[in-house]
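All of the numbers you see were taken from the coordinates with simple rules; none came from a lab. All values derive from a computational prediction rather than experimental measurement. FYI the Cβ positions are ideal-geometry reconstructions off the backbone, even for glycines, and counts take in every protein chain you see.
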Amino acid sequence: MSTTRAGQRSRAALVGAVASIVVLSAAALTFSSPPRAAVGNETGAAGSAVSPLIDMPDPLEIIPMEVPRDGSGAAPTTPPAQPLEPVLEGDPPAPALAAGVLVRGFPSVIPVFAASRITTSTVTASGPIVQGTLDATVSANCAQVEAFYQTELAKGGLASTTLDAAAKADSVSFTRGNDNVTLTLTPLPDGSCRYSVFAVLVTAS
């Protein structure tokens, strides 16, 4: 009888010891476990997600361009182009007409093709404006006549432009400022050339 009671007390003590060990182990695990990490973004009221702020770059600063100004405070302007010097000098000639020869007072800046047979030539003036005309034929072909005037008038700064002319004729305009010379070329059946010159020039006087 005493032996049975002693055994029961021993088993009760063992069960109590095991229970104490289990309780202590659970407590130790509770204190040693790290806090549970928050999942996801921070939340605001009503559990809604709060998006993190994004740093936006500063807008580019527009720097106005400085316009240089003179002492008057006005923006500088392009200086006006200087007028071209007239190709003629001296007083305008008296009006005249000649047949078979070059008229007196014909503008010296207008050359005559060598060996030309002059039909008529004229010169007139109105104030500082001088007009001269020349009709002639030459045994050379029209290409040679045109090349001659292209070279000679270019020396005076007269630039050429091809114009529309009548059938079987070519026309070239030479211009410099207010000065203009028109050359008309007509090939003849024998290969020679008939040409005419019409000039409108301004004198320096």
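For the peptides 190-197, 105-112, the ranking by mean Cβ contacts within 10 Å, running from highest to lowest, is 105-112, 190-197. 3J(HN,Hα) along the stretch 185-202, derived from phi through the Karplus expression 6.51 cos²θ - 1.76 cosθ + 1.60 where θ = phi - 60°, amounts to 10, 10, x, 9, x, 7, x, 7, 9, 9, 9, 9, 10, 10, 10, 10, 10, 10 Hz, with x in place of Gly and Pro.
For the peptides 117-130, 90-103, what is the packing order when you average, over each peptide's residues, the other Cβ atoms within 10 Å and list the highest mean first?
Numbers: 117-130: 16.1, 90-103: 13.4.
The most tightly packed comes first, giving 117-130, 90-103.
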